[in-house]
Amino acid sequence: MFNVDNFLHDEALPASAKWTGFPLYNFIGGHNDEDLIPIEKLEEASKKVILNHGHILGKYNYTGPLGYLPLRKFIIKKLLNGASMKCSEDEILVVSGSLQALDLVNETFLKQGDTVIIEEGSYGGVFSRLEKLGINIKGIPVEDDGMNINLLSECLEELKAINIVPRYVYTIPTIQNPTGTIMSKEKRIKLIELAKKYDVPIFEDDCYADLIWGEERPPSIRALDDSKRVIYCGSFSKSIAPGFRLGYLVADWPILSRVLPYKTDAGTGGLEQMVLSEFCENHFFDHLTKLNQKLKLKAITMCEALDKYFGNTVEYKKPIGGIYVWIKMPDGVDTSKLYNIALQEGVAINPGVEWSMDKKNKQKMRLCFANPTDKSIDEGVKKLAKVCKKEFGVPVSIANIN
Ligand SMILES: Cc1ncc(COP(=O)(O)O)c(C=O)c1O
């Protein structure tokens with residue numbers, strides 16, 4: 001019998017398991033609201049672009065290596081409108097989801113043994129990527145108004161003392177994943193000052209920036225920087241649909257020209273780019289308003305369910321945007337264990353250790369409220385509370401779960 005292991009290097013780890021479908025109560029990942037996928041408008045846009053421009057799909061990279069020009073033009077408009085950021089067509093690379101932006105930047109900037117600075121709680125996909133590459137990760141705690149800048153300053157100074165220049169400071173400043181916080185303008189400016197002082201690049205991941213309903217967002221870090229050291233990425237996964245696999249990397253040409261050679265997939269899906277560009281040109285901002293209204297209501301439903309079934313045994317901040325609630329569970333609850341048991345009951349949660357530098361802190365968990373219906377949110381949180389009570393004895397006396 002053929003044994004593939006004989007031909008693989010040690011790094012080629014298998015996938016953890018075969019996929020067996022979505023759980024009944026799906027509170028994980030970065031899914032979107034399925035009812036708000038603008039199907040009719042996407043149908044219209046698809047018909048129009050395939051009839052009028054479909055022939056250009058006959059060429060590889062038909063609008064050049066940076067991506068479909070009308071889409072890049074829309075991204076320029078969107079970034080000016082939302083992130084107060086000016087950029088030109090040749091500073092934008094359309095990528096296959098912002099995950100590809102992370103991979104491209106990592107491939108360009110990092111090699112085993114390098115050091116990067118990130119927020120102490122950060123996107124699980126960032127931890128897994130950096131760990132796989134053998135990178136030393138320094139974590140900076142996040143406060144209500146973003147990264148703790150004093151600790152960042154100390155960290156940079158300590159690294160300097162041992163002759164280490166971090167390859168970048170990665171931040172998700174606008175609706176941080178998982179904490180949901182927004183970095184203040186003052187901190188953004190201080191971060192740039194520090195990056196200049198220690199001469200490090202900043203990698204700004206703004207993939208949730210379109211989903212804000214609580215307050216005005218500050219300008220992007222890249223918009224505030226005059227030293228051309230900020231690499232910026234964003235995504236249509238959260239605003240339209242993760243199934244599109246469309247994101248963008250924005251950087252000045254000296255950086256982008258070094259990243260571009262690593263994009264070896266002959267361009268991001270052409271039809272997706274064309275359809276999205278046609279849709280966005282006419283409907284993006286109206287769609288976003290509707291989406292944010294709905295997400296705001298779903299966030300309320302999630303918080304109400306947490307209060308109803310967990311009472312004051314859990315701590316969380318009410319979301320002002322995004323698709324997640326970041327929750328501190330009662331003492332004694334191990335969310336990694338809870339994850340396994342709850343999954344058997346059809347409830348999927350993201351245990352906090354996957355979103356945190358502190359692998360011992362098992363008390364946190366992240367719940368995504370974007371995909372399930374209001375009814376499922378309520379039922380799923382109730383089920384979770386029951387499972388939690390059975391396994392860990394908490395919540396103790398919440399009448400609603402009996
Ligand atoms: C902070 C952050 N960056 C990047 C991504 C990747 O998103 P996508 O590749 O779908 O754009 C995610 C997904 O949840 C995320 O949370």
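Only the coordinates and a few stated rules stand behind these numbers; no lab work does. Owing to the predicted nature of the structure, the values given are computational and were not obtained by experimental measurement. Virtual Cβ from ideal backbone geometry, glycine too; neighbours counted across all protein chains shown.
Only bridges with both residues in the stretch 154-257 count here: give the DSSP antiparallel percent, nearest 5.
Bridges in the stretch 154-257 that DSSP calls antiparallel: roughly 40 percent.
Restricting to DSSP loop positions (anything but H, G, I, E, B) with no more than 16 other Cβ atoms inside 10 Å of their own Cβ, which GluC sites (Glu not before Pro) remain in the stretch 335-402?
E345
Order these by the 10 Å Cβ neighbour count, fewest first: D90, D5.
On the way: D90 13, D5 7.
Least to most surrounded, the residues fall as D5, D90.
Whole number please: convex hull volume per residue, Cα atoms of the chain, in Å³.
Taking the convex hull of the Cα positions in the chain, it is 165 Å³ per residue.
Taking neighbour counts of Cβ atoms within 10 Å as a proxy for exposure, in what order, fewest first, do I255, I341, I202 appear? Show your work: numbers first, answer last.
Values: I255 20, I341 15, I202 24.
Ranked by crowding around the Cβ, least crowded first: I341, I255, I202.
May I ask you to sort R129, R217 by Cβ crowding, counting other Cβ atoms within 10 Å and putting the fewest first? Write out the running numbers ahead of the final one.
Details: R129 17, R217 21.
Arranged by neighbour count, lowest to highest, R129, R217 become R129, R217.
Starting from the stretch 1-63, pick out the chymotrypsin sites (Phe, Trp or Tyr not before Pro) whose DSSP state is loop and whose Cβ has at most 14 other Cβ atoms within 10 Å.
F2, W19, Y60
Could you work out which residue, out of T289, T179, T335, moves most in a Gaussian network model of the chain, that is, has the largest mean-square fluctuation with Cα springs under 10 Å?
Result for the chain, Cα springs under 10 Å: T289 fluctuates most.
Could you tell me the relative contact order of the chain? Use alpha-carbon pairs under 8 Å, at least six residues apart, and round to a whole percent.
Contact order relative to length: 22 percent.
Would you mind giving the three semi-axes, in whole Å and largest first, of the ellipsoid equivalent to the stretch 86-228 according to its Cα gyration tensor?
Whole-Å semi-axes of the equivalent ellipsoid: 22, 19, 16.
Evaluate E = 1/(1 + (r/R0)^6) for L224 and V165, where r is the Cβ-Cβ distance and R0 equals 22 Å; express this FRET efficiency to the nearest 0.05. Each step should come with its number before you reach the end.
Working: r = 22 Å, r/R0 = 1.01.
Computed FRET efficiency for L224 and V165 comes out at 0.50.
Where a Cα-Cα gap under 27 Å defines reach, which lysines qualify for K132, not counting those fewer than 8 residues away within the same chain?
List returned: K18, K111, K160, K238, K263, K337, K359, K360, K362, K364.
Relative contact order for the stretch 335-386 using alpha-carbon pairs under 8 Å, separation at least 6, rounded to a whole percent?
This gives 32 percent for the stretch 335-386.
Given the pairs K138/K196; K294/K318; K59/K86; K328/K390; K290/K318, which are separated by over 22 angstrom at their Cα positions?
Over 22 Å Cα-Cα: K59/K86.
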